[in-house]
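The values are calculated or read from the model by the stated rules, or taken from the named source; none is laboratory data. Model, not experiment: these values are computed from the prediction. A quick note on method: Cβ atoms are made from the backbone with ideal geometry, for glycine too, and the neighbour counts reach across all protein chains shown. What goes into the accessible areas is simple: the full protein's heavy atoms, side chains included, and nothing from ligands, DNA or RNA. Shrake-Rupley method; radii C 1.70, N 1.55, O 1.52, S 1.80 Å.
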Amino acid sequence: MADEMEIDPLQRRFEALRGSGRLLSGTRPRSLRESIDALADGSHDLGGRTDVYGDGVVGALEERVAGLLGTEAAAFFPTGTMAQQVALRCWAGRTGDRTVAMHPLAHPEVHERFAYAQLSDLRSVWPTTERRMASADEVADFAEPFGTLMLELPLRDAGFLLPSWEELVATVEAARARDAVVHLDGARIWETVPHFGRPLPEIAGLADSVYVSFYKTLGGISGAALAGPAEFVAEARAWRHRYGGQLYQQWPAALSALAGIERELPRLGEYVAHAKVVAAALAEVPGARVFPEPPHTHQFQLWLPYAAELLTEAGLRLAEETGQALFGGWREPGVPGVACTEVTVQGPALEWSPQEIRAGVAALLERVKQ
């Protein structure tokens, strides 16, 4: 009977975060009602009709993204996984080379069930296995031919890492010298501007195509876009239809993406700056390690020498008992007794001072030891 009355872990987490007055990482989860109300937060005219197979508000979003990135066109996709596969497939057909150079920690290798190989008969090669983007020399001297170089900016599973601007330009030029095209996995490209010190069109302009996400960073419901030359995007639309991505209506996702562009995009510089403050405070906690230090974006990894299960439970108890929520879930990526979490500095984190951060982690670790 007791087991039957146990609260679902996801529901417990939802209620703990909803009841917290202060959050250090991420944002307060919305209820269904709040999510519906938030769709009207953007500047898009709600008096018009809904979209039908990609026009209307979806078309307006595509134009907005192309304008932000400085590309000729952009196409909305229901998922980033679909957008990535279509991009790589299109470039393979155009170059005549089905080999894609990418990082072993890149999203298609880790989070997409190898869809590029299973659905499109593509293969990957790794110019480097180091926890960083491949260097220009590694790309230039790589022994095997490849038609596309895919660069993930930032490289999320390595710690949201970015190269320097000079390194990025040199790597792209090395790929061009091999007659390869360059595709950017720019799911989080929005927050790379402070690190590179360049506007979005200049960053996106290095590549032949760019994928961006609307729920990562911008807080949209879902969805992504694939941007690039008009002819390439037209072909991508055809493959989107074949892959089942030509949905009848997608206005909720499009509206939330437009609202996120209006609300979050102007604040990313502030988030990235404060992430350095948060990371420095966390690095002072005994036994803690922040990576990278300082962070390259508004996201980074935090490592602590405790079991992931203990840290997750202690974090929930801290939120339930004090109304302070520090981190999301923890995982153990191969080292027993050492756990890692991803810290995302957004609006709620701006309220935290270094002293409050250290005190909050001290309260967390007290509950771990209990």
> How far, in nm, would the chain grow between residue 63 and residue 307 when pulled straight, counting 0.36 nm per residue and subtracting the alpha carbon separation?
Replying inline: 83.2 nm
> Can you list, bin by bin at 20 Å, the percent of alpha carbon pairs in the chain, starting at 0?
Replying inline: 28, 56, 17, 0
>> Compute the angle between helix 80-95 and the longest alpha-carbon principal axis of the chain, please, reported from 0 to 90 degrees and rounded to the nearest 10.
In response: 20
> Could you give the angle, 0 to 90 degrees to the nearest 10, between helix 251-263's Cα long axis and the longest principal axis of the Cα atoms of the chain?
Replying inline: 70
> Between region 299-370 and region 77-100, how many Å separate their Cα centres?
Replying inline: 38
> If you look at just the Cα atoms of region 265-370, how large are its Rg and its Dmax in Å?
Replying inline: 13.2, 42
> Scaled to the compact-protein estimate 2.2 N^0.38 Å, what is the alpha-carbon radius of gyration of region 10-75, rounded to two decimal places?
Replying inline: 1.56
>> Output needed: percent of Cα pairs per 5 Å distance bin for region 216-333, bins running from 0 to the one holding the longest distance.
In response: 2, 9, 12, 13, 15, 14, 11, 10, 8, 5, 1, 0
> Over the chain, what percent of the accessible surface lies on carbon and sulfur atoms, probe 1.4 Å?
Replying inline: 53
> Taking R0 as 35 Å, what's the FRET efficiency between residue 33 and residue 119 from their Cβ-Cβ distance, rounded to 0.05?
Replying inline: 0.40
> Using r as the Cβ-Cβ distance of residue 176 and residue 265, and R0 as 45 Å, what FRET efficiency do you calculate, to the nearest 0.05?
Replying inline: 0.95
> Per residue, how many Å² of accessible area does region 22-62 show with a 1.4 Å probe?
Replying inline: 57
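Could you work out the mean projected area of the convex hull around the alpha carbons of region 147-257, in square nanometres to one decimal?
For region 147-257, the mean projected area of the Cα convex hull comes to 7.9 nm².
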> Taking every eigenvalue of the Cα gyration tensor of region 1-141, multiplying by 5 and rooting it, what semi-axes result, largest first, whole Å?
Replying inline: 36, 27, 16
>> If each DSSP helix of 4+ residues adds -39,500 (n - 2.57) and the sum is divided by the residues in the chain, what number results at 222 nm, nearest 500 deg cm²/dmol?
In response: -13000 deg cm²/dmol
> Between residue 94 and residue 248, what is the FRET efficiency for a Förster distance of 45 Å, r being their Cβ-Cβ separation, to the nearest 0.05?
Replying inline: 0.90
> Counting only DSSP beta bridges with both residues in the chain, what percent are antiparallel, rounded to the nearest 5?
Replying inline: 55
> Helix 165-177 versus the longest principal axis of the chain: what angle, 0 to 90°, nearest 10, using Cα atoms?
Replying inline: 30
>> I'm a student and want to see the number: the projected area of the Cα convex hull of region 258-319, averaged over all directions, in nm².
In response: 5.6
